[in-house]
Structure formats: C-alpha cells, structure tokens
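Read the structure below first, then the notes.
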Amino acid sequence: MDIRSLNKEELTAELLSMGEKKFRAGQIFRWLHRDLADSFAEMTNLSLALREKLSEKFSLEVPQAVQVLTSQIDGTKKFLFDLADGNVIESVWMRYHHGNSVCISSQVGCRMGCAFCASTLDGLVRGLTPAEMLGQVYQIQKLTGERVDSVVVMGSGEPLDNYDSLVRFIRLLTDPEGQDLSGRAITVSTCGLVPQMYRLADEGLSITLALSLHASCDETRVRLMPVAKRYKLDEVLAACDNYFEKTGRRVSYEYSLVHGVNDTLAEAKALAGLLGGRNCHVNLIPVNPIKERNFTRGPREETLAFKNMLEKYGINATIRREMGRDIDGACGQLRRSYMEKGSEERRR
C-alpha cells in the first residue's frame, strides 16, 4: 500500500488495525508531508518494531532525479525523475520575484493529442499516483534547499484525466499538518474535460483553473486539440463560468500562439468577443517549436499586437515570461529526448 497517498483518516484507520495508538498516525503523516522523510528509518520518534511493521505493510517510493538541467539564462531547473516502475517524468522549478514555483506532471505521457505538445507524441502510459505527484514537489524542495511557494499542474499529462489522484494530491499538499500550501497557490490546467470541470467546481477547493483555449472558434481549436471534437467551445466556456460562480476564482485562459494558425489580429478580436464580459485572464504563450511538428512562433511585435488588441477590448492579458529556453523548456521535450537516447543505446 502506497503510504504517502493516504489521507489522515485512512492512515489512522490503518494504524488502529495494526494495534497502534491513534496519535501515531499524526506523527507518521507529519514525517511524510512536513519533514519529507524518504524512508521509515528516518522516523526516529517511532519504535524500531513499528518502523519494521510499516516497511512490511506499506511502500514508500521516492522519485529519483536522473537528470537535472539548469538554465544559464534565468536559473530555471528542469528535473527528469525516474519512477519505481522505470517510467520517467519531468518537472520544472522556476524562481520568480514573488517566490519559487514548480510545474509538475500528472501523467506519464498524455492521450489528448494536442498538436503543438511533445508530451502526447507517444500517447498515455498511465496516470501518476498522488504520492508520485507529491514526490515531484517534495524532491525538488530537498534538491534545491528552497521552499516551493506555488505549484502548477501543467506538465506532461491532462490533470483532469487523472481526476481522483489530482484531487487527493491537492488535499494532501494543502493539509495544515503537511506543507500547508494555500489552495490559491495551486493552478490546475485542463484542455477542457467538461464533466470533470463541473466535478472540480464542487470539491470546495480554492485553486485556480486554467483552460487551454488556443482558439476562438471550434474549427481552429479542433485543428490544434482533438478533444475539441468532443467538447465544443460553448460547453467548455459554460463549465468555466460555472467554476467561477461556484468558487469565486477567476479562470485563466491559456492561448498558445501558433504563427499563421491562431495569431492574427482578426483572431485576437474574435477571442475578445468570445471572452467579453467574463472575469478572466488570458495568458499568451508563444508556441515552443518541436521537431515533430512544423508549428512556429511569430515575431515578437505580432505577439505584442495580439495582446494590445485584447486589452483594447477590455480583456486582461499577459505574455508568459519564457523560462528555461535553453534547457528543453517545453513540456515533454526532455523526457522524449531521454527515451530516444535510451532506445538508441539499446539498439547499439
């Protein structure tokens, strides 16, 4: 049983079934989520007999960093973590003036098929457990020696396609006896899985929802995102409106600018019309070119003109600050290059 994925109630029930006192569950929970213990041997206020019983009943798997790239431009670090089953995932640590942010993966690979993303090129392998999602945050804190102030679930994978693990991860990360991270410091990105968006709105969480929008009409969105064949824009935006009504949290709209596809001033005007009247924020992202696709980014001045057009119509917009441009910054690139290198070595 994966002990780091258990909440306090479940952990308490397990300890009681082992004949242990209830307070032991609180001690163990704090070791796992506040002190970031990587083994039962580290839990020194527990008896040796109890530690042995724990190691027999539970697993405590820790992602191992097999590669760490550091940007020479801004100090951003990209981590490639090896999981217990041999799969690899990637995470990014970024330092901003307001604190340290970590972007984590929620799945090994992805099945959403977005045309501009390297994460989805080899499809979905599996979802991550809550412990594996937490492990990325915890290990990065230990490896950098710095606290993580905010978490973005926007790496490889579609978080809402791994819904139960995602919600459990958030509750564990925000637990007052653990990291006690504010829900407002957590952002979850989705390509628009409508049923799960409605479920998330009813969870009582204070997190920010970010929708990968990328187009102002269904036709263009389908070209970039196959999921748009299943959920039309009016359905997705209705789910966003419901999220805002239920939580009071402003929705962020992610918009990757692909030159010649969705970055014209006409598209900007159409996008402003689509989002007009909503309390929202548009995050403009010049697309990261990947060798398997022929998508490119336009000139900087065109990106600025797109942003200015949105603001002219009253839409709050920013251009995402690019972090780690020199270290395979886009989602899935580092994992894919690592896998390709391994395949080549095996062939040799």
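For the stretch 169-222, name all the residues that are in a strand (DSSP E or B) and over 17 Å from Cys110 (Cβ atoms). Scanning the stretch 169-222 gives Ile186, Thr187, Thr208, Leu209. I'm trying to understand the selection: among the residues of the stretch 87-113, which are of a type in the set (D, E, K, R) and under 14 Å from Glu322 (Cα atoms)? Selection gives Arg95 alone. Every condition in (1) part of a loop (DSSP other than H, G, I, E, B); (2) more than 24 Å from Ser101 (Cα to Cα); (3) touching a Leu at 6+ places or on another chain (Cβ under 8 Å) is met by Val236 except one, and the failing one is (1).
Evaluating Lys21 against the criteria (1) surrounded by 13 or more Cβ atoms within 10 Å (Cβ to Cβ); (2) not in a helix (DSSP H, G or I) leaves one unmet condition, (1). Entry remark, the stretch 9-57: residues being among the β-branched types (Val, Ile, Thr) and farther than 18 Å from Leu173 by Cβ number 2 in total. Candidates in the stretch 37-86 are the residues that are closer than 12 Å to Ile327 by Cα and β-branched (Val, Ile, Thr); of these, the one that is surrounded by the most Cβ atoms within 10 Å (Cβ to Cβ) is Thr76.
Regarding Ala131, is this residue assigned by TED's automatic domain parsing to the domain that holds Leu213, surrounded by 15 or more Cβ atoms within 10 Å (Cβ to Cβ) and either modelled with pLDDT of 95 or more or hydroxyl-bearing (Ser, Thr, Tyr) (or both)?
yes
Within the stretch 253-274, the set of residues being crowded, with 22+ Cβ neighbours inside 10 Å and more than 14 Å from Glu302 (Cα to Cα) comprises Tyr253, Tyr255, Leu271. All conditions in (1) in a helix (DSSP H, G or I); (2) within 14 Å of the chain's Cα centre (by Cα) hold for Leu50, with the sole exception of (2). Note on the stretch 70-94: residues that are farther than 20 Å from Val153 by Cα and not in a loop (DSSP other than H, G, I, E, B) total 1. Taking strands (runs of 3 or more DSSP E) as the structural unit, those lying wholly within the stretch 95-159 and holding at least 2 residues that are in contact with a Lys or Arg (Cβ under 8 Å, 6 or more places away or on another chain) and closer than 27 Å to Val194 by Cα correspond to 107-109. Residues in the stretch 72-118 that are of a type in the set (Asp, Glu) and in contact with a strand residue (DSSP E or B) (Cβ under 6 Å, 6 or more places away or on another chain): Asp82, Glu90. Applying the condition of being farther than 29 Å from Met225 by Cα and surrounded by 15 or more Cβ atoms within 10 Å (Cβ to Cβ) to the stretch 87-116 and asking which residue is nearest to the chain's Cα centre (by Cα) yields Asn100.
The values are calculated or read from the model by the stated rules, or taken from the named source; none is laboratory data. For clarity, every value in this text was computed on a predicted model and none was experimentally measured. Ideal geometry is used to build each Cβ from the backbone, glycine not excepted, and the neighbour counts take in all protein chains shown.
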